[in-house]
Amino acid sequence: MRRDDLLALLHEHTETPGLRKHALAVEAAMRAVARRLGGDEALWGATGLIHDFDYEKHPSREEHPFVGCRILTEKGYPPEMIEAILGHATYSGTPRTTPMAKALFAVDELCGLITATALVQPNKTLAEVTVESVLKKMKSKGFARGVNRDDIETGAAELGVPLADHVGVVLAALQAESEALGL
């Protein structure tokens, strides 16, 4: 499982810069959570990178992430990767039973909230974002309406970590990749 191959697959199916950056953000967050929980950093990062690669062409609940998982299965990617990707969609019916699956669910929406928080800062950078600012924005129903706050809270609970600690880990991971994320 080479990162270059995963990036090629991502780029083949995803043209939108924002969705590509989301993939990079989730990859960074997954690597950070893997380090924290003793997971396989390469596998967890790869899963984060590729988790939404089918979304641009197949955004409906009937297709995403099922089309992508079918492609990954055909290409021989690990079953635990596919299970985690299925589990990140609450409507898939796939339970999140592994730490990696729980982590993917826990970081996905949070990466979107952190990115949105950065974009409203004076200089639009992740360096300006704090755990407190993310938690404050999370309470604002009108801010980043597409971000599911319940999923963020559920994700942290499933990982067994306090929400503020989880936000801190993911924020630090995104800040370390701020150049690649354009923030």
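FYI, it's all coordinate maths here, none of it is from the lab. In this text, all values refer to a predicted model and were calculated from it rather than measured experimentally. Reconstructed Cβ throughout: ideal geometry from the backbone, glycine too, with neighbour counts over all protein chains shown.
Provide the packing ranking of 165-177, 11-23, i.e. peptides ordered by the mean count of other C-beta atoms within 10 Å per residue, highest first.
Working: 165-177: 20.5, 11-23: 15.2.
The most tightly packed comes first, giving 165-177, 11-23.
With the simple spin-label model, which puts each label point 7 Å out from Cα in the Cβ direction, the residue 98 to residue 2 separation comes to 2.3 nm. Per-residue ellipticity at 222 nm for the chain, helices alone: DSSP H runs ≥ 4 residues times -39500 (n - 2.57), over residue total, nearest 500 deg cm²/dmol? It lands at -20000 deg cm²/dmol. Taken along the Cα-to-beta-carbon direction at a fixed 7 Å, the label points for residue 15 and residue 124 span 2.2 nm.
Using Cβ counts within 10 Å as a stand-in for footprinting exposure, how do 85, 152 rank, fewest first? Can you show the working numbers first?
Details: 85 28, 152 25.
Exposure proxy ranking, most exposed first: 152, 85.
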